[in-house]
1. Helix 183-192 against the longest principal axis of the chain: what's the angle in degrees, Cα atoms only, rounded to the nearest 10?
2. At 1.4 Å probe size, what's the solvent-accessible area of W277? Round to the nearest 10 Å².
3. Per the 1.4 Å probe, what fraction of the accessible area of the range 49-205, in percent, lies on carbon and sulfur atoms?
4. At 1.4 Å probe size, with no ligands or nucleic acids counted, give the accessible surface of T350 in Å², nearest ten.
5. If we count every other residue with Cβ under 15 angstrom of Y346's Cβ, Lys/Arg +1 and Asp/Glu -1, where does the sum land?
6. Compute the length gained on full extension between S165 and Q227: take 0.36 nm times their separation in residues and subtract their Cα-Cα distance, giving the result in nm to one decimal.
7. Give me the 1.4 Å probe accessible area per residue for the chain, excluding ligands and nucleic acids, in Å².
8. Can you list the lysines whose alpha carbon is less than 29 Å from that of K42, not counting same-chain residues fewer than 8 positions off?
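The values are calculated or read from the model by the stated rules, or taken from the named source; none is laboratory data. Keep in mind that what you see is a predicted model, and the values were worked out from it rather than measured. For neighbour counting, all protein chains shown are included, and Cβ atoms are generated from backbone atoms with ideal geometry for every residue, glycine included. The area values use the complete protein model at the heavy-atom level, side chains included, leaving out ligands, DNA and RNA. Shrake-Rupley method; radii C 1.70, N 1.55, O 1.52, S 1.80 Å.
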Amino acid sequence: MAYYYPEPSHTFSEYLLVPGYTSEEDTPQNVSLRTPLVKYRKGQEECPIMLNIPLVSAIMQSVSDDRMAIALAKEGGMSFIFGSQSIEDEAAMVRRVKSFKAGFVVSGSNLTPFATLADVVELKERNGFSTIAITEDATPNGKLLGIVSSRDYRTSRMSLDTPVSAFMTPRDKLVTAPLGTSLKDANDIIWDHKLNSLPIVDENDHLCYFVFRKDYSEHKDFPLGLQDEQKRYMVGAGINSRDYAERVPALVEAGVDCVCIDSSEGHSVWQKRTIDWIREHYGESVKIGAGNVVDREGFLFLAEAGADFVKVGIGGGSICITRETKGIGRGQATSLIEVAAARDEYFEKTGVYVPICSDGGIVHDYHMTLALAMGADFLMMGRYFARFDESPTPKLLVNGVYVKEYWGEGSNRARNWQRYDTGGKNSLAFEEGVDSYVTYAGSLHDNVERSLYKVKSTMTNVGVINIPDLQKEARLTLVSAVSIVEGGYHDVTLHTTTSQQ
């Protein structure tokens, strides 16, 4: 007969941390969230890639592109650019991240001169940018023909049918700078000419970047930025177990820092073959994450296969319906606790520490701290990052609320059949993800700063100031359903103003 686990599996919401002794040094300002991304011999060598914050963004079309990767790298984390696109397009995104220079911004809003004021208003409402580049082909790198900013039009006095060409600031009246101009010189030009933005153009007058007055001190505002030895932002990328022989070389040539197999289930021959191929052709120079798994056996299989980190979690994502459609998976907390024990067992046996990534199941900010306390070295999140300005999807107004689109890689919209390692036909027989909206939350920087302050504050309540000590010293308790209810507000009537906040 089938094997039955003696205990039910549990989720993060069923646990709480028990406070410990807080000393004078246990303050949020003293907490370090540095954590290893890839395997290393702990105690004998430095980890080749250390994250400055324990957050990475999910390998999803609606979450991780080059813009998200730059924004998260500034904070000290890493994005894994989605692999369900052409090899050329994914490599181009990686290349844009590696070539990005702090202060030089690729235009995020672009129109042609034939667009109308209505298009300007709609574009500004959708992404929030007030500076719109007018290029020959409405691309970020097209030939620059003009700029539209909020001072160029008044919707109360102009027809929405007015063409952009009638009110834009034309090219011959723009102050620009040539490609190669340093950030210091660009900022000097901005201040000398009293500009809000400075277009950077190449020798053919194609737009390359903008430098904005508001970003003057940006390079000083991100002290935890995750950079390689050449001071370039670091970036990961998703691969699959089908076309890795073509995709991995292109990503390596583009400068990728780490790849990760994007799969619904990682305890498979297909993942081992992918890792074997990378080790045969690149040795240990290419870092590769694998997964997902939910138990000891799955972790040990991938660790012994040579994975640099292992992702934990099946069916816990907010848009994932794998458990509903296939009946497989496990509560995220239980999965993480068992895999963390296997990781420690593997380290004691081999001397090699293989980090684990908790993927899915994070609903509230305090779940981040619980996941780290349960043994996760870092967290991969999709819904969390999909809500921000920097995610690839447009901001929409739905039923009076601003939202952003968010869909699973297992949905028909994504059509990402490559992530299902069944060895069968190249199509999706059924969906394992949904197409949805998430409530818009603003900028990545503001939200990450707020979330991680909560994590740091909780760590000080436990009496620790780094993640390894949290994993050693944390005490966790299961809570009853009644305790969960007690943990929220109860037996009171909220003020109207409070309930609306």
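1. Here the helix axis deviates by roughly 40 degrees.
2. 50 Å²
3. Of the solvent-accessible surface of the range 49-205, carbon and sulfur hold 51 percent.
4. Result for T350: roughly 50 Å² accessible.
5. On the way: positive: K39, R41, K42, R296, R343, K349; negative: D295, E297, E304, D308, E338, D344, E345, E348, D377.
Net of charged neighbours comes to -3.
6. On the way: separation 62, 0.36 × 62 = 22.32 nm, distance 4.11 nm.
Result for the pair: 18.2 nm of gain on full extension.
7. I get 47 Å² per residue for the chain.
8. K74, K98, K231, K272, K287, K311, K349, K454, K456, K472
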